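Heads up, the thing below is written out as structure tokens.
The values are calculated or read from the model by the stated rules, or taken from the named source; none is laboratory data. Computed from a predicted structure; not experimentally measured. Note that we place each Cβ from the backbone using ideal geometry, even for glycine, and neighbour counts take in every protein chain shown. To get the accessible areas, we keep the full protein, side chains included, count just its heavy atoms, and leave off ligands, DNA and RNA. Shrake-Rupley method; radii C 1.70, N 1.55, O 1.52, S 1.80 Å.
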Amino acid sequence: MGIINIISDRKNITLNSDVILYIIMNGKIAEIHIVGGKVYQTRIALKNLEGLLKEDFVKVHRGCIVSVKAIHEVTDMVNLSNGEELPYTVRKKKQIVTEIQEKQKKMINALGKKGIPATKEEYCRHYSSFEYLPIAFTDIEMVFNEESHAVDWIFRYANQELAKLEKLSLDQLLGKSFGSLFANMDPKWLRSYERSALYGEVLELMDYSPEVDRNLKVICFPTFKGHCGCILFDLDTIKAVDSSNNIHKMWNTYLKNRTK
């Protein structure tokens, strides 16, 4: 983990690589984009930052370095797990992709299994307080392909409410990957769970899930290394205290704002 000390807006700031998404130069000013959307501006040469962060970052063009944890995949742009897209030097694509894959593999291998339950019984003991929770909950482990891209997740723990929501039994869910159970995986969930598992972010999503044909609110948060926990609310069944129509009004307002 790299540490950088900068002066931004006349304040001394200490940042570690775990919270930095990418750094892009604007003239002689480095714009440091971190988890949560905040941007720090400081006068420093990119090569100095590269020296401090080189193990965790990849230079995608002459004025930009990106955290390998933040990269979801490389297509015609560098696609980040938070939905942002960054340009890269196309003539160096093969070199950039190779470096990204090597560093991501190293990062994923370093996650290890220490402290993670090894059996279904151990997961159940760890999450015993969730067994009778009247809200769906699951702990999922991210699955990475050979290119170190998050491509799926495995249900490691789930309570009965989650099984009810997914319309499958616990025996059908536990130890299985989402992709093996549902053919129509929506990448929006995958990217958010990846961010939570690798960057430690607590995220909230509200959207329609075609997999279970429900409008869902999901709160995901980091649990074990490479895992995240998800609390799922079925918005179609929640009743507001003062009016059962309020939740639907809020949902419709949310959907309208998303399309703007």
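Where residues in region 173-200 are modelled with pLDDT of 85 or more and either assigned to a loop (DSSP other than H, G, I, E, B) or over 18 Å from Gly226 (Cβ atoms) (or both), which of them is least open to solvent (accessible area, probe 1.4 Å)?
Among them, the one singled out is Leu173.
I'm trying to understand the selection: among the residues of region 21-66, which are basic (Lys, Arg) and surrounded by 17 or more Cβ atoms within 10 Å (Cβ to Cβ)?
If the condition is that a residue be basic (Lys, Arg) and surrounded by 17 or more Cβ atoms within 10 Å (Cβ to Cβ), then Lys59 is the only one that fits.
Restricting the search to region 108-128, which residues are crowded, with 18+ Cβ neighbours inside 10 Å and either closer than 20 Å to His149 by Cβ or within 18 Å of the chain's Cα centre (by Cα) (or both)?
Ile108
Is at least one residue of region 129-136 of a type in the set (Val, Ile, Thr), surrounded by 11 or more Cβ atoms within 10 Å (Cβ to Cβ) and within 30 Å of Ile238 (Cα to Cα)?
yes
Taking the condition of being free of Cβ contacts under 8 Å to residues at least 60 places away in the same chain, among the acidic types (Asp, Glu) and touching a strand residue (DSSP E or B) at 6+ places or on another chain (Cβ under 7 Å), how many residues in region 58-100 meet it?
Final tally of qualifying residues: 2.
Of the numbered conditions (1) closer than 25 Å to Ala70 by Cβ; (2) loosely packed, with under 13 Cβ neighbours inside 10 Å, Ile154 fails exactly one; give the number of that condition.
(2)
From the residues in region 23-64 that are among the acidic types (Asp, Glu) and in a loop (DSSP other than H, G, I, E, B), which one is farthest from Gln104 (Cα to Cα)?
Glu55
For region 67-91, what are the residues that are of a type in the set (A, V, I, L, M) and surrounded by fewer than 13 Cβ atoms within 10 Å (Cβ to Cβ)?
If the condition is that a residue be of a type in the set (A, V, I, L, M) and surrounded by fewer than 13 Cβ atoms within 10 Å (Cβ to Cβ), then Val90 is the only one that fits.
Looking at Leu168, Leu162, Leu216, Leu232 in this structure, which one is modelled with pLDDT of 90 or more and part of a loop (DSSP other than H, G, I, E, B)?
Within the list Leu168, Leu162, Leu216, Leu232, the selection yields Leu168.
Under 6 Å between Cβ atoms, at least 6 apart or on separate chains: pull out the pairs that start in region 118-136 with a residue that is under 13 Å from Leu174 (Cβ atoms) and end on any residue that is outside any loop (DSSP other than H, G, I, E, B).
Final answer for the pair search is Tyr123/Arg156; Tyr123/Tyr157; Tyr127/Tyr157.
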